[in-house]
1. Scan (1) free of Cβ contacts under 8 Å to residues at least 40 places away in the same chain; (2) farther than 15 Å from B:Ile226 by Cβ for the single condition B:Val286 breaks and write down its number.
2. Out of all the residues in the range A:97-122, which are over 18 Å from A:Lys184 (Cα atoms) and among the β-branched types (Val, Ile, Thr)?
3. Cβ-Cβ below 7 Å, separation at least six or inter-chain, first residue in the range A:178-204 and surrounded by fewer than 18 Cβ atoms within 10 Å (Cβ to Cβ) and at pLDDT 85 or above, second in a strand (DSSP E or B) and acidic (Asp, Glu): which pairs?
4. Filter the range A:176-195 for residues that are within 11 Å of chain B (Cβ to nearest Cβ) and part of a strand (DSSP E or B) and give the result.
5. Pick out the one residue from B:Val146, B:Val150 that is touching an Asp or Glu at 6+ places or on another chain (Cβ under 9 Å) and modelled with pLDDT of 50 or more.
6. Take the residues in the range B:307-324 that are within 14 Å of chain A (Cβ to nearest Cβ) and in a loop (DSSP other than H, G, I, E, B), then tell me which one is farthest from B:Gly425 (Cα to Cα).
7. B:Gly358 - would you say it is more than 14 Å from every other protein chain (Cβ to nearest Cβ) and not in a strand (DSSP E or B)?
8. Condition first: over 24 Å from A:Glu81 (Cβ atoms) and either within 14 Å of chain B (Cβ to nearest Cβ) or within 18 Å of the chain's Cα centre (by Cα) (or both). Can you find one or more residues in the range A:241-255 that meet it?
Amino acid sequence: MIFTFCLIILWNFSANEIYQKTFQTANEAYYSGNFSVAIDNYIKLIRGGIEDSIVFYNLGNAFYHLGKKGYSIACYQYALELNPSLSVANENLEKVLNETQRKLALPEEPLWWRYLFIFHYGISKVSTWIIATFFWIVGWVTFGVISWLPISIRKYAIFLCVVFVILGTVFICSGIIKEFPYPKGVVVVEKTSAHILPSENSPSRFELYEGDRFLVEREESDWCLVRSVGNEKGWVKSKDILIWSKLPVYLSSSEGIGM
Amino acid sequence: MVVDYKNGVIEKMFKSIVENKFIDNVILLSILFFMVLSFYPSYSADSPISVSVEPVEVGVGEMFEVLVVINGSNIEEPKFIPVEGVRIDPNPTYSGMSTQVQIMFGKTQIVTTKERRFRGTADKEGEWTIQVKAKVDGKEYTSDPVVLKVSKSATPKVQPPTLSPFQQRKQLPRRSSQSYSTQPRSVSPVIDNSLIVESEVSKKLIYQGEIIYLTLRAKIIDLSDISIRTPTGNIPDPPDLSNFFVGKAEHSTRTETINNYPYKVMEHKIPICPKGVGTFKISPWVWDASVVYYGNWGWPESYSIRKETEPISIEVRPLPSSPPNYYGAVGKFNITANISGTDVEVGTPLYLTLTITGEGYPEFVKPPEIKGLDWAYVSGPEVQSVNSDSWNAIEKSFKYTISPMKSGDFKIDSIEYAYFNPQLGQYATLKTTPFNIRVKQSSDNAVITAGGAPRLETQTLDVSKPELLPLVTESTRLKPSKKTGITSKVMLIIVPPLISSLMFLGGIRRQSLLNNPALLRKRNAYRNALKKYEELRKTTSTPLAVENGLKQYIGDMLGLENPLGMTSDEISDILFRCVQNVEIIERVRKILKTCERLRYAGEKETSLNEDKGLEDAFREVIETLRKSIK
């Protein structure tokens, strides 16, 4: 038993060492200007199950210097989803967006929605679930003990219970929203056309350029129905875009990024 | 004759008074009263004729209505003073008369008001004065002039601004009194054909992105005694065109003769472009209208009619495989190219403007790509669209900014722009003229300023390697993330309320027991009885322990006060009232009697066998009682 425990500890330690080494190798390659090697190493970490905002931020930097602004934007966006308080990612994202052809803003949720969930924009998904769990459990425990408490203090317990359960519900809603977000994507090729129908022969409705961000409303085999900031809709080839919520899956896939 | 009649009435009245017919008297007196009043001097005003025109502004060829109101006693039919630019039908579309009795300064006056409505048509542009002449009480009067403005456009400008041009039709006249009927009588064939509605498309088998024209036509009979009204007073909305891009409609009005009847034909030509491929249906254009017919007496009669066009099916075919320089344009186009200069310095921007004109859906006309300019930085284009509402003559300009980055003689090759011509069913390619550009060396070679778009005009394109973005090199969480599954999150949401609810119910139960001692006694009866039995057995004797234990149990279960002080008979009596099982009562009584006997016998020590027997009997009975007493 102890042996197994020690073995697990040792294995974990050595695995962590490997990850740290890969991370360092990637960073060194980046500083030596070997961006492709840096990207390969960061992707290795992601394939190993590392989902760290810093890895994605560094990967975004490497993509940027390789001239792949679309990928770089996707990486920064994903890093910010993991850790909304990562200010350097926000700064670099701004910088890269400024260098895109049209500096298109990301389509936002309706105003009423943003006001309703005003609190949840700066909190990461994990933190949201932790807060939700805390309020939810405390709220229900308070509810459970209400009937065991002296009558004189029950009203305070009921008040606390209601407050905690409401807070818990609100954060659970926030967590669910973050768990199933509207897929957002970015163009990773120099230019692509948004067609009226998911067909090459269909006339194009508008053009999208590298780094343009949009909401993905529907995905169909090789095509995605996208909505840009002006509520313009059109079908874009899936290979021309990258949905950043799927970035780890995409980077971990056998195809990866062809470089 | 009148006198005779009057005399006859008076004679009749006197006769009826004599015969004492009260109701007849009242009627006859009323008639007499009005007849006598008619001999008083008639009312006469300074301006007995008033004229109004509705609407006050119309287009050429459009109709208007003139309302003439004349006050007086003896009024002749009004006549219009001829005007050059308008035609007014002398036969009124409506005739009405009302009489009022006025008592002023002790003098009674009868005022008769004649109302006539006439329909007119505007023939010429301009401002025309309409005046009416009429003889009132033997004197000829002329009305104040009323100005009718006739504009060139067929669309009247007096409509509310919120109405679309499509809806801006002449408001039909409103009348104060009318009768309604849904059954046309002798005039039914005319009424049935008073409105003819048609719709058609220029083509039914089309290509994706091709524009066609939907024509909606309403033919309204142009007779003075028939008018068509819709519930809103406007032309009904066009059919649902949500599957199409819709352009600006063209409106026209003309007259036509059908079956010897004049008709006013309103036509709306709407350019449409399908949004997809397949079969699309244009729903019918529905007119729910009422036909107002003015009969011989001038009273309007209204008939409801419903007219609708046939639905139209349009087959939209996909485009064939596109050539390399195809950017989505469908229609018929021309292209021209212009350049701002041909002799420039490095870094000084040139502006290449491509103008595409023609017929087609403007949104599909996309800018072409400028290729092969390795000597310059190309930005843009800035897009300018002219006449984008009328799809038959669009003009779209694309202005590219070309910033030369090196000196030398260069050429902007002919730009190819392919479009799909649906008439021919194939792609056609347009070509611009090539331009030769001479770029001279500028004084500053290190930095090149890109011109064109506002953002780029101030931006410096640095050719040197950009500075590296800073990395974050320390990360403490470099271990595979453990993803929490949906199941665990659902459990997290469901489990706490369940556990808390159980806790809450437990608390409620506890509270209810605390508030009800009898129930608490009952719940703890078995435990207390055994406890008492064990205590007494250790300290005193088994019979006393059995007796008290049993009495305690029965007392707790049935809520008896001081059960230990009761005799075995009293306990049995109480049990008889609560327990159906007579056998168990008898056994309880026997055990208690035995215990009492042993206690009263004063035996200090009982035999082990007796103790064992009593203990077994106690346990058996108490278990049986547990089942019997609920």
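The values are calculated or read from the model by the stated rules, or taken from the named source; none is laboratory data. From a predicted model like this one, the values you see are computed outputs, not experimental measurements. With ideal geometry, Cβ positions are generated from the backbone for all residues, glycine too; neighbour counts draw on all protein chains shown.
1. Single failed check for B:Val286: (1).
2. Within the range A:97-122, just A:Ile118 meets the criteria.
3. Listed by first residue and then by second, the contacts come to A:Lys191/A:Glu207.
4. Correct list: A:Lys191, A:Ser193, A:Ala194, A:His195.
5. Selected residue: B:Val150, the only one of B:Val146, B:Val150 that is touching an Asp or Glu at 6+ places or on another chain (Cβ under 9 Å) and modelled with pLDDT of 50 or more.
6. B:Pro324
7. It is false that B:Gly358 is more than 14 Å from every other protein chain (Cβ to nearest Cβ) and not in a strand (DSSP E or B).
8. No, every residue in the range A:241-255 fails to be over 24 Å from A:Glu81 (Cβ atoms) and either within 14 Å of chain B (Cβ to nearest Cβ) or within 18 Å of the chain's Cα centre (by Cα) (or both).
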